[in-house]
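Enquirer: Just passing along the structure, written as structure tokens.
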Amino acid sequence: MKVDMKLQLRDVPGSLLRALEPVSVHGGNIVSVLHSREDGGRVSVQISFKIKDQSSLDLIKRELRKQNIRLSEILLEGKRYYSKKTLSFILIGHVIDTDIRGTIDKINDVGLVSDIDVIMPSPEKRSSVMMNIDIDNRKIKKLNRLINEICKEKKFLVIRSLEG
Amino acid sequence: MKLKNIKLTIIGFGEIGRGFARVLLEKKRFIEREYEVDLKVVAVCEIGGSIIDEDGIDLEKALKLAENKELRKHENWTSMKALDVIKKVKSDTVLELTPSDIKSGQPGLKHIKESLMKGMHVVTSNKAPLALKFSELQKIANSNKVKLEYEATVGGALPIINLRKHALQINKIESIHGILNGTSNYVLTKMAEEGVTMDVALKEAQEIGIAEADPGYDIKGIDTGAKVAILANSLMDMNVSFNDIEITGIKDITPEAIELAKKHNCVIKLIGDVNRLEVSPRLIPINHPLNVSGAMNAIMINADIAKNITIVGHGAGGIETASSLLSDILDIIS
Ligand SMILES: NC(=O)c1ccc[n+]([C@@H]2O[C@H](COP(=O)([O-])OP(=O)(O)OC[C@H]3O[C@@H](n4cnc5c(N)ncnc54)[C@H](OP(=O)(O)O)[C@@H]3O)[C@@H](O)[C@H]2O)c1
């Protein structure tokens, strides 16, 4: 699998080498490295490499994070890669006129509402709103708690996806 | 060939009791040949009394009378109630098939306890006693050296308890998700496929005999909750009761929500989630194995070694459920 990774490194000797090490340790076969100095003592590095599977990528990512290296973008086979999930929810209730903007803002504190679809039969009736929320795997519980709170406060029924 | 006599007492001669009797008649020869036993029903208890015959009741006749609600015209009819029959008539296995009352667990609870304490095995389709008092009842069974089997309580004909017991012994069960109630699944399927409201779908379910006159248990998720409690105890060794299950039913689901799900290639199903001890409507992708339609039930388990397994089938019906009851009875014998 082909991976393109953008990293932000501090402009100090040896930082590039330290960043490349986890890639080769976990079986990554480096194809190219591009780097450019930026303002503020930072270097932006774009590494392309090949790996056997997604779990090696997760190991590499974990290692880089441990070193406090900022990953600004990862493309796997040319597509944006998250150890994130997109979870779908349907909210049923007076979702629009109980400050939907506020609801979305609250959710965006934990994840990111990346898609929204609404059916509103008539203003006085309950509407049904489907949301896709991009969420870091480790924050799923937090998101669920938040959605429960919102539903309790605004009297919504929530329909979660199976993995949500 | 000398057949071993096995005596059975049937308590509750409704849909399930009669279905069991019919299947017993149909499979009589097969069971004799394969198991070398003669399953003899020595007592059939109804709410108002019982028929008792230690030599074995003629089930064909009992069925005919029961269909015309004339069981009391049987020559062996007595006004003796089930509890007294358990105390006085010795049988090997008692089938407890009375209605489920999830508040009290009665009358099943007292029937099961008394039978176990009298040293008789119990096979039941009655969810409430197990959903409320699973570990207590198992303890009573163990200390009396008899068995309490309950395959029919979850998913009707689906062999979920026995699948775990006989085929997945070495596995740790990591999660269980199930569509465990035919009525609510029928209603949600109708709403999705035909765009009708819940009331219309429910009425139709009642007309074709899937839903009870009072479908509250099904629609509110209570029936599913009882099954989640049983699965949690039985397959995941959690010591919990029905009252620990968090339940949200399907009654507040709007046609618009179903339409939205459909637009995004999903369906809404009432799911029992055993890990979370939760019953709630959930969104699942159209091509997911749990997306079964109509009154079907489906259970998906994820085990550490075997990984994902899904079974699909009839979660109700007197005849279908008899498959599970007989499986338990034959299991006890062998
Ligand atoms: N139907 C299914 O497909 C299905 C599937 C799996 C599990 N189950 C469970 O199996 C059990 C039986 O279901 P069912 O559909 O057969 O119900 P049912 O048709 O209502 O039959 C229950 C029978 O038990 C009798 N009964 C009530 N109280 C009694 C008592 N104290 N002593 C003796 N008999 C008594 C009833 O008599 P009366 O009619 O005179 O009240 C009735 O004949 C329930 O717990 C149900 O939840 C049912």
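Enquirer: Scanning region B:93-133 for residues that are of a type in the set (A, V, I, L, M, F, W, C) and not in a helix (DSSP H, G or I), which turns out nearest to the ligand (Cβ to nearest atom)?
Expert: B:Leu97
Enquirer: With the checklist (1) open to solvent by 10 Å² or more (accessible area, probe 1.4 Å); (2) facing chain A (nearest Cβ under 10 Å); (3) closer than 14 Å to B:Leu188 by Cβ; (4) touching a residue at least 12 places away in the same chain (Cβ under 8 Å) in hand, flag the one item B:Asp252 doesn't pass.
Expert: It is condition (4) that B:Asp252 fails.
Enquirer: In region B:66-81, how many are within 25 Å of the chain's Cα centre (by Cα) and open to solvent by less than 40 Å² (accessible area, probe 1.4 Å)?
Expert: Matching residues across region B:66-81 total 2.
Enquirer: Which of the helices (runs of 4 or more DSSP H) found entirely inside region B:147-220 contain at least 1 residues meeting this: open to solvent by 10 Å² or more (accessible area, probe 1.4 Å) and over 29 Å from B:Ile333 (Cβ atoms)?
Expert: Helices (runs of 4 or more DSSP H) meeting the threshold: B:182-194, B:198-207, B:216-219.
Enquirer: I would also like to ask the following. So, in region B:83-92, exactly how many residues are open to solvent by less than 20 Å² (accessible area, probe 1.4 Å) and assigned to a helix (DSSP H, G or I)?
Expert: 2
Enquirer: Ok, one more. Out of the residues in region A:116-128 that are among the charged types (D, E, K, R) and loosely packed, with under 15 Cβ neighbours inside 10 Å, which is farthest from the other protein chains (Cβ to nearest Cβ)?
Expert: For region A:116-128, the residue satisfying everything is A:Glu124.
Enquirer: Further question on the same structure: Determine the pairs where a residue that is assigned by TED's automatic domain parsing to the domain that holds B:Asp218 and modelled with pLDDT of 95 or more, located within region B:101-112, has a partner that is buried (at least 16 other Cβ atoms within 10 Å of the Cβ) and not in a loop (DSSP other than H, G, I, E, B) with Cβ atoms under 6 Å apart, the partner being 6 or more residues away or on another chain.
Expert: Pairs that qualify, where the first residue is assigned by TED's automatic domain parsing to the domain that holds B:Asp218 and modelled with pLDDT of 95 or more and the partner is buried (at least 16 other Cβ atoms within 10 Å of the Cβ) and not in a loop (DSSP other than H, G, I, E, B): there are none.
Enquirer: Can I ask one more? Mind checking which residues of region A:129-164 are within 14 Å of another protein chain (Cβ to nearest Cβ), surrounded by fewer than 16 Cβ atoms within 10 Å (Cβ to Cβ) and not acidic (Asp, Glu)?
Expert: A:Lys141, A:Arg145, A:Asn148, A:Lys152, A:Lys155, listed by residue number.
Enquirer: Among the candidates A:Asp58, A:Asp53, A:Asp97, A:Asp109, which residue alone is more than 14 Å from chain B (Cβ to nearest Cβ) and either over 24 Å from A:Asp136 (Cα atoms) or touching a Cys at 6+ places or on another chain (Cβ under 9 Å) (or both)?
Expert: On inspection, the qualifying residue turns out to be A:Asp97.
Enquirer: Suppose the filter is in the same structural domain as B:Glu193 (by TED's automatic domain parsing), closer than 29 Å to B:Thr248 by Cβ and within 13 Å of the ligand (Cβ to nearest atom); does B:Asn297 pass it?
Expert: Taking the combined requirement at face value, the residue satisfies it.
The values are calculated or read from the model by the stated rules, or taken from the named source; none is laboratory data. Predicted, not measured: the structure shown is a model, and the values here were computed from it. Heads up, the Cβs are rebuilt from the backbone with ideal geometry, glycines too, and the neighbour counts pull from every protein chain shown. With ligands, DNA and RNA removed, areas are computed over all heavy atoms of the protein, side chains included. Shrake-Rupley method; radii C 1.70, N 1.55, O 1.52, S 1.80 Å.
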